[in-house]
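Scroll down for the structure; my scribbles are underneath it.
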Amino acid sequence: MAAKVHPDAYKGLGKTVSGFKAAYGTVMFFEDQVPLYALAAKNPLGDVSDGMHQYLVWTALELEGLGANLQHFNFMDEFSDEVAKRWDLPTSWKLKSQLVFGKPANGLVRKSERTYAPLQERVRLYG
């Protein structure tokens, strides 16, 4: 990775990646491009459904007391190629994201309390 990323960017990225070693595991999300392309005429937004899957898995992990963070290291072809090679995956599978999960070092806590505008100002219902 260091060879493919600008040195300044790698300084921060390297620390992040090193932190993943303490994780329990990683859920990798793939899309099989063959059926996806076949269905594209009927469902042009089919390639964005993976976001719902990522959210659902993340929520399930958090309900079990685990923390998670979503990564997109598939921006580097070398990374995606290495993943496919390591697990002998079909060439039609495209890596979309990686959900790293484990026990949070400080428990499941927010760094700061969040405040929100009243619901009536944020949501509008019609009909």
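Please treat every number below as a calculation from the coordinates, not as lab data. Keep in mind the model is a prediction, meaning the values are calculated, not measured. Virtual Cβ from ideal backbone geometry, glycine too; neighbours counted across all protein chains shown.
Within the range 85-126, being small (Gly, Ala, Ser) and more than 24 Å from Leu56 (Cβ to Cβ) holds for Ala105, Ser112, Ala117. Residues in the range 68-120 that are of a type in the set (Gly, Ala, Ser) and either without any contact (Cβ under 8 Å) to a residue 12 or more places away in the chain or more than 22 Å from Tyr37 (Cβ to Cβ) (or both): Ala68, Ala84, Gly102, Ala105, Gly107, Ser112, Ala117. Among the residues of the range 48-98, those identified as of a type in the set (D, E, K, R), loosely packed, with under 10 Cβ neighbours inside 10 Å and either in contact with a strand residue (DSSP E or B) (Cβ under 6 Å, 6 or more places away or on another chain) or assigned to a loop (DSSP other than H, G, I, E, B) (or both) are Glu64, Asp88.
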